[in-house]
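A.B. asks: The structure follows.
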Amino acid sequence: MANISLIAGKGVLPNIHPAAAITVLFLLFYPAFASDFFVFQIGAYSLVLGTIALSLVMLAGYGGMVSLSQLTVAGLAGYLMAILGHNSVGVMGLGWPWWLTALTAIFAASVFSALIGAISVRTEGIYTIMITLAIAVAFFYFVRQNYVIFNGFTGYAGVVPPTLFGIYWRDPTPFYYLSLAVAAFFFFMVVYGARSTFGLSLQAIRDNPRRMRAIGYDVTLHRIFAYFLSGLIAGTAGVLMVWFNGRISPGSVGVDVVIDILVIAVVGGMRHPIGPFVGALAFVLLENFAIDLIDRERFNTVIGTAFLLVVLFSPDGLLGLWARIRERLRLRKHPQSDGSGVH
Amino acid sequence: MARSAAKIPSAVEVDLVLRTDALTRLQSTGQYALELEAVSRHFGALVALADINLTVKAGERRAVLGSNGAGKTTLFNAITGDFPPTTGRVRLFGEDVTDLPVHERIRRGLRRTYQISLLFDGLSVVDNVYLACRGASRGRLSLRRPKPDDAMTHVAETLLDAVHLGAVRDSLVAELSHGQQRQLEIALALAGAPRFILFDEPAAGLSPTERSELIEILQSLPPHIGFIIIEHDMDVALRVAESVTMMHNGRIFKEGNPKEIESDPDVQELYLGGGHA
């Protein structure tokens, strides 16, 4: 398919694929034709979950490090919004201005993520998964049992975004655009960063850490820095998450939700940063409409079955499935081509 | 041995002149590029290296020969720090690097290739060499994309031409032939101003033509770059090396120049069995 140029001129959005252009236009004008439910509960929530899963894809897809602590990092940012800013529970709530609270929460989440990295980067594969899962479980039990800072089982409520420029940012349409802006920013940062010196070195470490040491790289430092950057993404999404829910409690950072982030990333596909957003949309649609297919209590059965089907038939997620369908259609159109991709 | 300088850009030529001057200074002071002092390496009860004492002068090219299991690759691993010595000291250009991690030794000018190609299969050929060039310089954590006129990219492309891989610069490493992957291994070792290189069987699996190209590449290395080469192909090893160390059962068995080693009856006994003149 021929590429088109949206904006004429050197270096300004050159060669945008028509499908990408249609997707961008759809996302921009989505609130104009969707109901508040679809804008907020489906659109905005998919973008928030997708952004958290994007932080996992950055680590796992580019760095080969599967971390189950990404929701924990987002959860810490959410808790800090309630602890340092305002909440309606009457515990903590130091009353810092929203912008200072958000910046501190995001930075603290990034440092927390780097600490998780420092603990886990010397391991590989299943051991990294186990260590990061252990950290996520420890965080869950800690916040559930700590009443002085985290308010234990109850957690915090009344954590809302500010009214700025005369706009209440938790209204469906403003919150959707806020989530879209954050998701788009990190999406393009990951796409750009993948070809940066650090991005290339992260992929090289994924392919062969021993060789990276043998050409002068401190592999441990690079991995920890990757965790720090992924913490920036997860932390920012964590701020959006607590604004979306209006509350945060141990249930928000429980093991089931931690696993959901992995499911979203795998279902969407880890080959491209768009994967987690595709996975998040599929997840949120299932979460909301599984009740029409099966009993509400059986949601986990539905998502588990969907996960199994994707892993069995398309290990590279919905993105991989879509790529194979396109390839099959192309072969049907041009049967002479073997599609081997060898030039 | 004929050593012609590779075709390189002017900035690198200046660097080469400076380094050749540095080599002259090092040689005049009698400093060694590499010194191993009573180095041993144990894996449990197995003694892979036993009391190795070895010195290699700056700019010297040496072959390390020996049968399988003699300890040659373990010797390389001890020098680079992949498997640090159990006892003994390693000095690089006079500096004790025994306790330094691998990447710190690399930043001091040490490089190595591997017996089995260790490359970045998911990246392009030029990206592999670009990363190797960047590894020994600043900006490793840069979040900016390298510009098309980036000096490192230019050096990477020059290196690819030097190892005859310029035509496949944008191919994925996974798509290269075995011979091309071996050549890329050498390009990675040459990137980032090396001072001393350890070549671990660089000719393994190469065709006769590719071996000739390899010999040409090794002979054309700038004079300030010394190396040790492990090679089972005696023709390759003895054509590029000016001195030879024989190893056997984790110990140094014999040292000398290629002619002495070739004609040594003990070496012939060890390599070819008894009864061979």
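A.B. asks: How many residues are part of a loop (DSSP other than H, G, I, E, B), surrounded by 15 or more Cβ atoms within 10 Å (Cβ to Cβ) and either more than 10 Å from chain A (Cβ to nearest Cβ) or among the hydroxyl-bearing types (Ser, Thr, Tyr) (or both) if we restrict to the range B:116-131?
C.D. replies: Total satisfying the criteria: 1.
A.B. asks: Please find, within the range B:148-191, the residue that is surrounded by the most Cβ atoms within 10 Å (Cβ to Cβ) out of those that are in a loop (DSSP other than H, G, I, E, B) and small (Gly, Ala, Ser). Step through it out loud before you land on a result.
C.D. replies: Keep residues of the range B:148-191 that are in a loop (DSSP other than H, G, I, E, B), which gives B:148-150, B:163-165, B:169-171, B:176-177, B:191.
So of that shortlist, the ones also small (Gly, Ala, Ser) come out as B:171, B:177, B:191.
Details: B:SER171: 15, B:SER177: 12, B:ALA191: 25.
Filtering the range B:148-191 for residues that are in a loop (DSSP other than H, G, I, E, B) and small (Gly, Ala, Ser), the one surrounded by the most Cβ atoms within 10 Å (Cβ to Cβ) comes out as B:ALA191.
A.B. asks: Check A:TYR79, A:TYR45 and return the single one that is under 23 Å from A:GLY117 (Cβ atoms) and hydroxyl-bearing (Ser, Thr, Tyr).
C.D. replies: The match here is A:TYR79.
A.B. asks: Could you figure out which of (1) open to solvent by less than 20 Å² (accessible area, probe 1.4 Å); (2) at pLDDT below 95; (3) more than 9 Å from chain B (Cβ to nearest Cβ) isn't true of A:ARG271?
C.D. replies: Result: A:ARG271 passes all but (1).
A.B. asks: Within the range A:170-198, how many residues turn out to be open to solvent by less than 10 Å² (accessible area, probe 1.4 Å), facing chain B (nearest Cβ under 8 Å) and part of a helix (DSSP H, G or I)? Break it down stepwise before answering.
C.D. replies: So the first thing to find is which residues in the range A:170-198 are open to solvent by less than 10 Å² (accessible area, probe 1.4 Å), and the list is A:175-176, A:179, A:183, A:196-198.
Among the residues that remain, those that are also facing chain B (nearest Cβ under 8 Å) are: A:196-198.
With part of a helix (DSSP H, G or I) added as a condition, the list becomes A:197-198.
Selection size over the range A:170-198: 2.
A.B. asks: Given (1) away from every other protein chain (no Cβ under 11 Å); (2) free of Cβ contacts under 8 Å to residues at least 40 places away in the same chain; (3) over 30 Å from B:GLY69 (Cα atoms); (4) surrounded by 15 or more Cβ atoms within 10 Å (Cβ to Cβ), identify the lone condition not met by B:ARG145.
C.D. replies: (1)
A.B. asks: I'd like to check something: does the range A:230-246 contain any residue that is of a type in the set (Val, Ile, Thr), open to solvent by 10 Å² or more (accessible area, probe 1.4 Å) and either within 14 Å of chain B (Cβ to nearest Cβ) or outside any helix (DSSP H, G or I) (or both)?
C.D. replies: no
A.B. asks: Looking only at the range B:86-104, which residues are within 11 Å of chain A (Cβ to nearest Cβ) and among the small types (Gly, Ala, Ser)?
C.D. replies: none
A.B. asks: Any chance the range A:118-128 includes a residue that's within 21 Å of A:SER179 (Cβ to Cβ), touching a residue at least 40 places away in the same chain (Cβ under 8 Å), of a type in the set (A, V, I, L, M, F, W, C) and part of a helix (DSSP H, G or I)?
C.D. replies: no
A.B. asks: Working carefully through the options B:ARG112, B:ARG107, B:ARG134, find the one that is charged (D, E, K, R) and either more than 10 Å from chain A (Cβ to nearest Cβ) or open to solvent by 60 Å² or more (accessible area, probe 1.4 Å) (or both). Steps first, answer last, please.
C.D. replies: Working: B:ARG112 fails: either more than 10 Å from chain A (Cβ to nearest Cβ) or open to solvent by 60 Å² or more (accessible area, probe 1.4 Å) (or both); B:ARG134 fails: either more than 10 Å from chain A (Cβ to nearest Cβ) or open to solvent by 60 Å² or more (accessible area, probe 1.4 Å) (or both).
Being charged (D, E, K, R) and either more than 10 Å from chain A (Cβ to nearest Cβ) or open to solvent by 60 Å² or more (accessible area, probe 1.4 Å) (or both) holds for just one of B:ARG112, B:ARG107, B:ARG134, which is B:ARG107.
A.B. asks: Kindly indicate the residue of the range B:192-227 that is within 14 Å of chain A (Cβ to nearest Cβ) and at pLDDT 90 or above and also most open to solvent (accessible area, probe 1.4 Å) among those meeting that condition. Give the derivation first.
C.D. replies: Going residue by residue through the range B:192-227, those that are within 14 Å of chain A (Cβ to nearest Cβ) are B:192-200.
Keeping just the survivors that are at pLDDT 90 or above gives B:194-200.
On the way: B:PRO194: 5, B:ARG195: 81, B:PHE196: 0, B:ILE197: 0, B:LEU198: 0, B:PHE199: 0, B:ASP200: 1 Å².
That would be B:ARG195.
A.B. asks: Go through the residues of the range A:299-311 one by one and say whether even a single one is outside any helix (DSSP H, G or I), out of contact with any helix residue (DSSP H, G or I) (no Cβ under 8 Å at 6 or more places or on another chain) and either away from every other protein chain (no Cβ under 14 Å) or among the aliphatic types (A, V, I, L, M) (or both).
C.D. replies: no
The values are calculated or read from the model by the stated rules, or taken from the named source; none is laboratory data. Model, not experiment: these values are computed from the prediction. Note that we place each Cβ from the backbone using ideal geometry, even for glycine, and neighbour counts take in every protein chain shown. The accessibility values were calculated without ligands, DNA or RNA, using every heavy atom of the protein model including side chains. Shrake-Rupley method; radii C 1.70, N 1.55, O 1.52, S 1.80 Å.
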